[in-house]
1. Provide a single number: the residues in region 206-222 that are farther than 17 Å from THR102 by Cα and among the hydrophobic types (A, V, I, L, M, F, W, C).
2. So is GLU54 among the charged types (D, E, K, R), at pLDDT below 95, farther than 29 Å from CYS185 by Cβ and open to solvent by 20 Å² or more (accessible area, probe 1.4 Å) or not?
3. Tell me which of these GLU8 doesn't satisfy, since it passes every other one: (1) touching a strand residue (DSSP E or B) at 6+ places or on another chain (Cβ under 6 Å); (2) over 30 Å from PRO150 (Cβ atoms).
4. Can you say whether LEU169 is touching a residue at least 12 places away in the same chain (Cβ under 8 Å) and either surrounded by fewer than 17 Cβ atoms within 10 Å (Cβ to Cβ) or within 11 Å of ligand 1 (Cβ to nearest atom) (or both), as far as the supplied structure shows?
5. So, in region 95-131, of the ones that are surrounded by 21 or more Cβ atoms within 10 Å (Cβ to Cβ) and over 20 Å from ALA29 (Cβ atoms), which residue ends up farthest from ligand 2 (Cβ to nearest atom)?
6. Could you please find all residues in region 220-237 being crowded, with 17+ Cβ neighbours inside 10 Å, of a type outside the set (Gly, Ala, Ser) and in contact (Cβ under 8 Å) with a residue 60 or more places away in the chain?
7. Every residue in region 14-69 that is in contact with a helix residue (DSSP H, G or I) (Cβ under 6 Å, 6 or more places away or on another chain) and more than 16 Å from THR193 (Cβ to Cβ), please.
8. Considering only residues that are outside any strand (DSSP E or B), among the aliphatic types (A, V, I, L, M) and within 16 Å of ligand 1 (Cβ to nearest atom), look in region 149-166 and name the one that is most open to solvent (accessible area, probe 1.4 Å).
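The values are calculated or read from the model by the stated rules, or taken from the named source; none is laboratory data. All of these numbers come straight from a predicted model, not from anything done at the bench. Backbone-built Cβ (ideal geometry, glycine too); neighbour counts: all protein chains shown. Please note that ligands, DNA and RNA were not included when accessible areas were found on the heavy atoms of the full protein model with its side chains. Shrake-Rupley method; radii C 1.70, N 1.55, O 1.52, S 1.80 Å.
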Amino acid sequence: MSAAELDEALDRAAELLCRARRVVAFTGAGMSAESGIPTFRDPGGLWEQFRPEELATPEAFERNPDRVWAWYQQRRRVIEAAQPNAGHRALAAMEELFEEFTVVTQNIDRLHQRAGSRTVLELHGTILSNHCHRCGRPYAEEPLPEQTAPICPACGGRVRPSVVWFGELLPEEVFARAEQAIERCDVLLSIGTSGEVYPAAGLVWRAKACGAAVVEVNPNWTELSSLADVHLHGSAAQVLPELLKRVERCRRAVERG
Ligand code: BV8
Ligand code: ZN
């Protein structure tokens with residue numbers, strides 16, 4: 001996408017947002033790429049070194065809890081050292097411009113909350129909490145071991161990160177709230193997601209079916225690109241601050257009348 005095409009697309013996206021009252025930002029791993037957190041399916045991404053089934057499933061954990069635990073500890077260290085990027089901050093600032101602004105994220109890094117977003121629905125849980133895989137009791141002992149999954153003091157089961165693995169159900173209440181926000185939104189921003197993981201990606205299809213305008217922010221084409229009314233081919237940290245500026249400008253012009 002040339003600079004002129006991106007400029008024109010940004011104006012179209014800003015126009016849609018300027019008129020919107022309710023917005024959902026649906027985000028994936030690309031949202032945190034510029035915070036130094038590897039995505040899953042990009043070159044050099046997490047799934048290039050490991051197959052998801054080997055690590056991000058309950059079976060993998062039951063088979064070899066320490067191996068799965070150690071992999072998450074390694075990712076937790078990267079995430080704890082990461083900072084929200086300009087894209088996270090732009091989304092946090094956008095909340096002020098709308099009656100309703102909901103972040104529905106597939107990410108587990110909590111960078112949206114650290115950037116100041118107040119309504120964040122975490123579809124796939126968070127790596128920053130842990131609980132017992134057998135009895136579900138939250139586990140908050142510090143410091144966490146690096147190589148071995150801790151033992152639950154209540155039942156002797158193994159402790160795991162509080163993320164949703166493949167083959168596991170998404171948190172029901174969170175998903176229901178996400179569906180409600182999706183069904184009523186005027187604009188859905190799909191940011192930094194390949195749209196390959198369900199039922200999360202199904203929310204974008206649902207938004208479209210309910211009449212939302214879809215704006216995709218992604219340097220690449222994805223499974224969701226066919227749904228987008230506007231494509232912003234660029235990175236989250238570059239595109240979102242520019243989009244925010246244009247929406248603010250449009251709103252000021254509308255207020256001046
Ligand atoms: C479920 C947490 C019901 C863990 C994640 C067979 C058996 C069982 C289930 C299935 C099956 N076949 C299919 C399924 C369903 C399965 C699924 O969808 N599989 C896929 C792979 C086909 N889903 C599930 O299992 C879900 N549960 O279905 O329960 C059920 C229950 C029992 C039995 C049957 C069904 C649970 C899915 C949740 C898995 N957990 N994460 C962890 O993180 O370790 S998923 C993981 O992928 C992350 O959450 C991640 O966010 C998510 C989606 O990926 P993306 O975020 O899109 O990241 P990706 O790397 O793919 O793409 C990055 C994008 O960013 C790219 O487009 C790139 O171009 C772009 N980008 C790069 N840089 C930038 C950028 N964009 C902007 N700016 C940049 N700078
Ligand atoms: Zn337990």
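1. 2
2. Values: among the charged types (D, E, K, R): yes; at pLDDT below 95: yes; farther than 29 Å from CYS185 by Cβ: yes; open to solvent by 20 Å² or more (accessible area, probe 1.4 Å): yes.
Spelling it out, GLU54 is indeed among the charged types (D, E, K, R), at pLDDT below 95, farther than 29 Å from CYS185 by Cβ and open to solvent by 20 Å² or more (accessible area, probe 1.4 Å).
3. If we test GLU8 against (1) touching a strand residue (DSSP E or B) at 6+ places or on another chain (Cβ under 6 Å); (2) over 30 Å from PRO150 (Cβ atoms), just (1) comes out false.
4. no
5. Per the stated criteria, the residue is PHE101.
6. Selection gives VAL230, HIS231, LEU232, HIS233.
7. ALA14, LEU17, CYS18, ARG22, GLU54, LEU55, ALA60, PHE61, VAL68
8. That would be VAL164.
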